[in-house]
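Written out below as structure tokens is the structure these notes cover.
The values are calculated or read from the model by the stated rules, or taken from the named source; none is laboratory data. All values reported here derive from a predicted model rather than from experimental measurement. Cβ: placed from backbone, ideal geometry, glycine included. Neighbour counts: every protein chain shown. Heavy atoms of the whole protein, side chains included, go into the accessibility calculation; ligands, DNA and RNA do not. Shrake-Rupley method; radii C 1.70, N 1.55, O 1.52, S 1.80 Å.
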Number of protein chains: 2
Amino acid sequence: MPTMADVARRAGVAVSTVSYVLSGARPVSERTRQRVMAAIAELGYHPNILARGLASKRTRVIALLFPSGTRGLSHDQLEFFSAAAEVASQRGYALLLWTTLGGDAEILRLTEEGLVEGLLLMEVRLHDPRVEALKALGYPFAMIGRTECNDGISYVDFDFEQAIRLCDQYLYELGHRHIAHLIYSPVPIEQSYGPAVRSLVGARAFCEEAGIPYIIRVSEADIEATYRAAHELLDSYPSLTAMVFVSDLQCAPVMQAIHERRLRVPEDFSVVSILSSRFAEMMAPPLTAIELPAVEMGHIGMELLIRYLEGDECVPTQLVLPPRLVVRQSCSVRTHTELSMQEAKCFQEGR
Amino acid sequence: MPTMADVARRAGVAVSTVSYVLSGARPVSERTRQRVMAAIAELGYHPNILARGLASKRTRVIALLFPSGTRGLSHDQLEFFSAAAEVASQRGYALLLWTTLGGDAEILRLTEEGLVEGLLLMEVRLHDPRVEALKALGYPFAMIGRTECNDGISYVDFDFEQAIRLCDQYLYELGHRHIAHLIYSPVPIEQSYGPAVRSLVGARAFCEEAGIPYIIRVSEADIEATYRAAHELLDSYPSLTAMVFVSDLQCAPVMQAIHERRLRVPEDFSVVSILSSRFAEMMAPPLTAIELPAVEMGHIGMELLIRYLEGDECVPTQLVLPPRLVVRQSCSVRTHTELSMQEAKCFQEGR
DNA sequence: AATTTAAATCGAAACGCTTCGACTAAGCGC
DNA sequence: GCGCTTAGTCGAAGCGTTTCGATTTAAATT
């Protein structure tokens with residue numbers, strides 16, 4: 001593999017001159033530039049990133065702190081980071097995937113090893129030790145999501161509180177009054193998950209304002225727990241005619257529980273969730289949902305980080321994207337007077 | 001950030017001694033080792049990867065050559081590489097995500113920049129220029145998938161030919177005789193996609209052996225084309241009672257086309273595909289499918305590469321995983337004599 | 001024509017590590 | 001007691017860049 005010295009020799013100039021041609025840090029005469037470029041082309045020279053990084057502290061490598069296994073890997077997360085990867089690649093950065101198994105220690109290691117210039121965090125908690133640590137270190141990073149106190153940090157997040165309200169409101173306008181909410185567990189408090197907490201707030205607020213019962217069940221994120229929780233909701237509230245849930249991972253177990261009750265969606269039972277369109281359209285029936293702008297968030301998150309790294313902005317950009325309802329085929333009208341299919345069935349069965 | 005020199009000074013030894021303590025390349029007395037380790041701990045020292053890599057040519061960074069946009073990002077692919085990422089992380093490697101937009105040139109750049117020790121390829125074609133280039137360079141890599149000629153390369157692949165046969169056979173045993181196949185386009189020939197070609201071979205072979213009509217439609221991988229192709233199949237062959245398709249990306253458009261015909265799955269129409277379980281279980285109804293062992297393939301692929309890098313094996317390992325059918329709820333029995341729902345409907349409508 | 005200024009280039013010192021050759025002080029056989 | 005090995009350590013030379021004076025050359029100013 002040719003080095004810069006080879007190029008310099010071939011072009012008959014000093015190594016530093018070659019470097020200046022490449023970086024543009026100092027003026028170089030046109031004639032010299034031509035000769036150097038020719039030599040580079042002839043030799044098939046590529047600068048060595050390690051050496052460059054060692055000398056200049058700039059590696060053009062960004063790490064994506066990837067959520068570990070707990071919550072499972074969701075379709076939305078896939079979209080987040082394939083979008084992020086795309087932007088990084090366009091801007092000439094390489095993307096390092098970092099699965100943060102080992103907690104804080106691991107992330108510090110990453111920052112100290114010198115390979116990575118900046119970090120993009122996903123699955124940020126309200127009190128996130130990673131964020132504290134990075135802040136203390138003054139290490140450059142941006143977030144998809146946000147903590148409770150985000151002074152001086154760039155982030156892009158989604159307005160889950162409004163999103164849930166929109167779900168509820170839509171169902172309410174369709175005539176539903178008994179709406180169940182199935183939301184991720186927001187505990188443990190000290191590191192609670194923002195979207196869960198904010199969803200709870202939104203749901204409670206809407207139900208109080210609308211004067212309808214606040215029916216809620218929180219569950220762990222795994223399939224099994226979600227499945228049980230859905231069944232428990234349906235058991236405990238026979239008057240339910242609709243359900244709101246908040247993630248693509250809940251989709252399968254929730255729908256299964258509903259089907260097992262012989263409730264048809266949307267004829268007997270309405271369902272709204274917060275999903276990326278790609279996923280919502282894959283379901284049968286296609287699900288009416290709040291559009292989770294996963295691709296947009298991935299793009300913006302990466303863009304924010306890169307801008308910060310390149311020093312274009314000193315003031316952090318903080319963005320909370322507004323929700324938008326996309327009506328598909330998982331909800332139906334329910335009037336006040338009408339007896340729900342479920343109630344009718346219970347009645348027939350003599351319960 | 002402390003350097004090795006700082007550690008050496010603190011421990012009262014030479015820099016090289018610190019290096020030997022860390023690498024074990026030469027014997028170090030127990031007393032010295034203790035002192036060095038203490039100094040490292042006190043200073044919170046972490047070796048700089050760039051410097052290490054520059055001096056030693058070992059970076060512990062692996063790149064995953066990530067499929068570009070054409071085929072879209074599928075759930076299976078997500079599983080491939082989150083599995084790969086997991087293994088890499090366990091073995092102390094960092095995973096660089098590389099979206100191969102710029103074709104061959106890009107990949108060469110990656111190899112020449114010195115950052116990356118080895119490559120894991122996904123979405124390998126039968127004749128893959130990337131593979132040719134890497135082979136010519138003698139650059140270490142492994143594949144998920146395989147080309148036509150794989151001499152000297154480690155890979156893990158899935159037996160798509162047998163997989164399709166298993167699909168067909170299962171449907172055949174349920175009594176289906178008119179089975180449609182919806183498969184990715186295997187052209188252009190010069191870089192054809194292995195799974196597509198092998199699926200075609202498998203399907204044709206089974207149909208010939210079983211003496212049933214060989215009903216097939218190839219389509220591009222995008223949603224729209226798949227949707228049209230599914231409709232065309234259903235149009236052209238009114239006697240169809242079952243369909244086989246090969247990827248999670250086809251799922252939504254295929255199911256939608258089927259639903260639009262007012263065919264119920266599985267009562268009126270049976271469906272089998274090749275999917276990771278996680279995905280198959282998310283559908284409504286859960287899909288009977290050949291299990292695509294995506295996680296296993298990701299694990300093994302990465303493991304093969306790392307073994308190769310660490311010199312444990314000189315002989316390449318080549319693995320083709322066998323298919324396994326998982327019965328869920330998307331297929332139903334069809335007897336010879338029974339008139340299909342669809343035929344019955346056509347009849348009623350006087351066609 | 002003498003002097004100042006700017007453009008273009010060079011040489012060498014980092015950057016933080018690995019690795020090689022050399023040196024010292026033991027331990028060993030004879 | 002003499003050379004011989006070997007464990008343990010050190011110093012210094014890279015690895016391939018960037019970057020900072022310093023130097024040379026050409027152009028501009030007086």
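For the protein assembly as shown, the per residue solvent-accessible surface stands at 42 Å², with DNA, RNA and ligands left out and a 1.4 Å probe.
In terms of accessible area, using a 1.4 Å probe and ignoring ligands and nucleic acids, A:I107, B:I216, A:I49 rank largest first as B:I216, A:I49, A:I107.
Inter-part distance, region B:150-184 to region B:73-92, computed on C-alpha centroids, equals 24 Å. Legend: mean number of C-beta atoms from other chains within 10 angstrom of residue C-beta atoms, peptide B:88-99, equals 5. Backbone geometry of region A:239-246 corresponds, through the Karplus equation with coefficients 6.51, -1.76 and 1.60 at θ = phi - 60°, to 3J(HN,Hα) couplings of 7, 4, 10, 7, 9, 10, 9, 10 Hz, x marking Gly and Pro. The GluC sites (Glu not before Pro) of region B:223-270 that meet both conditions, a loop assignment by DSSP and at most 12 other Cβ atoms within 10 Å of the site Cβ, are B:E267.
Take A:Q34, move 7 Å from Cα toward the beta carbon, and the resulting point lies 6.9 nm from the same point in each other copy, nearest first.
For the peptides A:172-179, B:297-304, the ranking by mean Cβ contacts within 10 Å, running from highest to lowest, is B:297-304, A:172-179. Extension gain for the segment B:Y214 to B:V201, taken as residue separation times 0.36 nm less the Cα-Cα distance, is 3.6 nm to one decimal.
Computed over the alpha-carbon pairs of region B:4-47, the distance histogram in 10 Å steps reads 33, 62, 5 percent, short to long.
Copy-to-copy label distances for A:Q169, where each label lies 7 Å from Cα along Cα-to-Cβ, are 5.7 nm in order of increasing length. Of the trypsin sites (Lys or Arg not before Pro) found in region B:1-87, the ones in coil according to DSSP and having at most 13 other Cβ atoms within 10 Å of their Cβ are B:K57, B:R58. Each DSSP beta bridge with both residues in the protein assembly as shown is either parallel or antiparallel, and the antiparallel ones are about 10%. Taking N as the residue count of chain B, its C-alpha radius of gyration divided by 2.2 N^0.38 Å amounts to 1.29. Label-to-label distances for B:R9 across copies, nearest first, come out at 3.7 nm, using points 7 Å from Cα in the beta-carbon direction. Shape class of the protein assembly as shown from the Cα gyration tensor (axes a ≥ b ≥ c, square roots of the eigenvalues): oblate, since a/c reaches 1.5 or more and a/b does not exceed b/c.
Name the residues whose placed amide hydrogens come within less than 5 Å of the amide hydrogen of A:L292, ignoring near sequence neighbours (fewer than 5 apart) on the same chain. Result for A:L292 returns A:L275, A:S276, A:S277. Between chain B and chain A, roughly 4100 Å² of accessible surface gets buried, counting both sides and using a 1.4 Å probe. Per residue of peptide B:42-55, the mean number of Cβ atoms on other chains within 10 Å of the residue Cβ is 5.
Can you pull the mean other chain C-beta count within 10 Å for peptide B:73-82? So the per-residue partner count for this stretch is 4.
For region A:194-287, applying the loop criterion from DSSP together with a ceiling of 10 other beta carbons within 10 Å to the trypsin sites (Lys or Arg not before Pro) yields A:R262. Long hydrophobic helices in chain A, taken as whole DSSP H segments with a C-alpha length of 15 Å or more on their own axis and mean Kyte-Doolittle hydropathy at least -1.0: A:30-43, A:75-90, A:160-173, A:194-210, A:223-236, A:248-260, A:294-309. For region B:107-136, a decrease in accessible area of 20 Å² or greater in the assembled protein chains relative to the isolated chain, with a 1.4 Å probe, applies to B:R109, B:E112, B:E113, B:G114, B:L115. Roll a 1.4 angstrom probe over the protein heavy atoms and tell me the percent of accessible area of the protein assembly as shown that is carbon or sulfur. Here it works out to 53 percent.
Hull volume per residue, based on the alpha-carbon atoms of region A:248-317 and their convex hull, is 85 Å³. Mind checking which of B:V21, B:V333, B:V315 has the largest fluctuation in a GNM of chain B, springs on alpha carbons under 10 Å? Sorting by GNM fluctuation, first place goes to B:V21.
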